[in-house]
Amino acid sequence: MKNIWNKVEKSKTTYIALISIILVFIMPILFNLFHLGRTNRIVWLFFVINIFFAGFIGWFSRKYELSFYNLVIFPVIFVISVFVKYGRYGYFLAGIYLVLSILIYFLFEKEK
């Protein structure tokens, strides 16, 4: 059991998934908890924080030579939350997050 935990702990993919879950499921709850309106949530969370994180995933995956499939983790988790909670605009945002991650992934060359 301890050996499995060490593998999970060293996996950068696990950290990407955990941060994605926090951003997608926990942050909207915090926005509601602090009585920030729907407009603030959409602008700050969906267009600022999530877009920054999508770009970060592209850069992080390229820098640490992670699998290309790591770019899909965040948009898929976001689509799951959109299916459960939000409107149709969320599906387009997931596509934007994926495209941005892919662009940044290919924009940054492997550092030598």
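The numbers here are math on the coordinates, done by the rules we state, and not lab data. The model shown is predicted, which means the values in this text are computed figures rather than measured ones. Cβ coordinates were reconstructed from backbone atoms using ideal geometry, including for glycine residues, and neighbour counts include every protein chain displayed.
Evaluated at 10 °C with a viscosity of 1.306 mPa s, what Stokes-Einstein diffusion coefficient in µm²/s does segment 2-107 have when Rh comes from the Kirkwood expression over alpha-carbon pairs?
111
The distance between label points at Lys10 and Tyr86 comes to 3.6 nm (points 7 Å beyond Cα on the Cα→Cβ vector). The stretch between Arg41 and Tyr64 holds 5.2 nm of extra length on full extension. This uses 0.36 nm per residue minus the Cα-Cα distance.
Helical content of the chain, expressed as a calculated mean residue ellipticity at 222 nm, amounts to -20500 deg cm²/dmol (DSSP H runs of 4 or more residues, -39,500 (n - 2.57) each, divided by residue number, nearest 500).
Relative to the longest principal axis of the Cα atoms of the chain, the long axis of helix 50-63 lies at roughly 0 degrees. Nearest 10 degrees is fine. How inclined is helix 12-21 to the longest principal axis of the chain, computing both from alpha carbons? Rounded to the nearest ten degrees, it is 0.
Using a Förster distance of 22 angstrom, determine the FRET efficiency expected from the C-beta separation of Val76 and Leu33, and round it to 0.05.
Given R0 = 22 Å and the Cβ-Cβ separation, E is 0.30.
Here the chain is treated with +1 on each Lys and Arg Cβ and -1 on each Asp and Glu Cβ, and its dipole about the Cα centre works out to around 140 debye.
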